[in-house]
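Here is the structure we will look at, set down as structure tokens.
Only the coordinates and a few stated rules stand behind these numbers; no lab work does. Values in this document were obtained by computation on a predicted structure and should not be read as measured data. Cβ placement follows ideal geometry from the backbone for every residue including glycine, while neighbour counts extend to all protein chains displayed.
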Amino acid sequence: MAKKMRLTIKIGSNVLTRKDGSLDVTRMSALVDQSAWLRNEGHEVILVSSGAVASGRSELKHIQHDLDSVDQRQLFSAVGQAKLINRYFELFREYGIAVGQVLTMKENFNRSDHFQTQQNCMMVMLENNVIPIVNENDTVSVTELMFTDNDELAGLVTEMMNSEMLIILSNIDGIFSGDPSDGNAQL
Ligand code: GLU
């Protein structure tokens, strides 16, 4: 990769968490090593990272079981996002690289004023050698307008930031015609 590129890398929850839902810090650390290497090669890196809900769920083992799914998502993401960004912050700091958190929502891509503010924020971060780590703001994105997963968010970020490449890290083999867990879906 001789040409210096702007890369958007999407890291899915399944990549970051172990079977019991806890954060897989070994894998996270390996991904940070590789992102730091890309940065040191002169590429600009933007991370779109899931994992907030999963890491919050594993942190709060004794929650009230009568919470509905929206309350649970809000509670887990509020705690889990803090844990997630803190881990990234500490891991990147070992390389002397600063990271910043960008939490967003689908409607921020539809309103031109929000779009421009968000784009400007991430441009300023890149210009100042700060790696943006983007996730959906799951604490307030609870309607039918929310992203189903971060693949769509990563695509919108790629377009908004004119990234030359989008890399999706996933435990799914590729693009399926339907839900991969459904036996009829074709790769
Ligand atoms: N924004 C969600 C999270 O961080 C994404 C869930 C997912 O699709 O992996 O937990």
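Which loop-located trypsin sites (Lys or Arg not before Pro) does region 20-62 contain, where loop means any DSSP state but H, G, I, E or B and the Cβ has at most 13 other Cβ atoms within 10 Å?
Numbers: sites: ARG27, ARG39, ARG57, LYS61; in loops: LYS61.
Passing both the DSSP loop test and the Cβ count: LYS61.
Roughly what angle does helix 150-160 make with the longest principal axis of the chain, taking Cα atoms, 0 to 90 degrees, to the nearest 10?
Value to nearest ten degrees: 30.
Could you give log10 I(q)/I(0) at q = 0.19, 0.22 Å⁻¹ for region 1-112, computed by the Debye formula over C-alpha point scatterers of equal weight, without solvent?
Result of the Debye calculation: -1.04, -1.24.
Please turn the phi angles of region 77-89 into ³J(HN,Hα) values with the Karplus equation 6.51 cos²θ - 1.76 cosθ + 1.60 (θ = phi - 60°), one per residue in order, whole Hz, x for glycine and proline.
Result, ordered by residue: 5, 4, 6, x, 5, 4, 5, 4, 5, 5, 4, 4, 4 Hz.
With a Cα-only, solvent-free Debye model of region 32-187, what are the log10 I(q)/I(0) values at q = 0.11, 0.13, 0.21 Å⁻¹?
At q = 0.11, 0.13, 0.21 Å⁻¹ the computed log10 ratios are -0.50, -0.70, -1.43.
Per DSSP H run of at least 4 residues, take -39500 (n - 2.57); add these up for the chain, divide by its residues and hand me the 222 nm value, nearest 500 deg cm²/dmol.
Details: 6 runs with 80 residues, N = 187.
Taking each H run of at least 4 residues, the total per residue is -13500 deg cm²/dmol.
Once fully extended, how much extra length lies between ASN129 and ALA30, figured as 0.36 nm per residue of separation less the alpha-carbon to alpha-carbon distance? Write down the numbers at each step before the final one.
Working: separation 99, 0.36 × 99 = 35.64 nm, distance 2.04 nm.
Computed gain between ASN129 and ALA30 is 33.6 nm.
Run the Debye formula on the Cα coordinates of region 80-148, all scatterers equal and no solvent, and tell me log10 I(q)/I(0) at q = 0.14 1/Å.
Debye curve over Cα of region 80-148, log10 I(q)/I(0) at q = 0.14 Å⁻¹: -0.49.
At 0.36 nm per residue, and after removing the present C-alpha to C-alpha distance, how many nm does the segment from CYS121 to ALA185 gain when stretched out fully?
Numbers: separation 64, 0.36 × 64 = 23.04 nm, distance 3.93 nm.
Stretched fully, the CYS121-ALA185 segment lengthens by 19.1 nm.
Can you tell me the 0 to 90 degree angle between the C-alpha axis of helix 112-127 and the longest principal axis of the chain, rounded to 10?
Helix 112-127 and the main axis of the chain meet at about 60 degrees.
Indicate, rounded to the nearest 5 percent, the antiparallel portion of the DSSP beta bridges found entirely in region 1-149.
On the way: 1 of 16 bridges.
Expressed as a percentage, antiparallel bridges in region 1-149 total about 5.
Give LYS10/LYS61; LYS4/LYS83; LYS10/LYS83; LYS4/LYS106; LYS61/LYS83 a once-over and call out the pairs whose C-alpha atoms are over 25 Å from each other.
Details: LYS10/LYS61 27 Å; LYS4/LYS83 32 Å; LYS10/LYS83 18 Å; LYS4/LYS106 29 Å; LYS61/LYS83 15 Å.
Violating the 25 Å limit, Cα to Cα: LYS10/LYS61; LYS4/LYS83; LYS4/LYS106.
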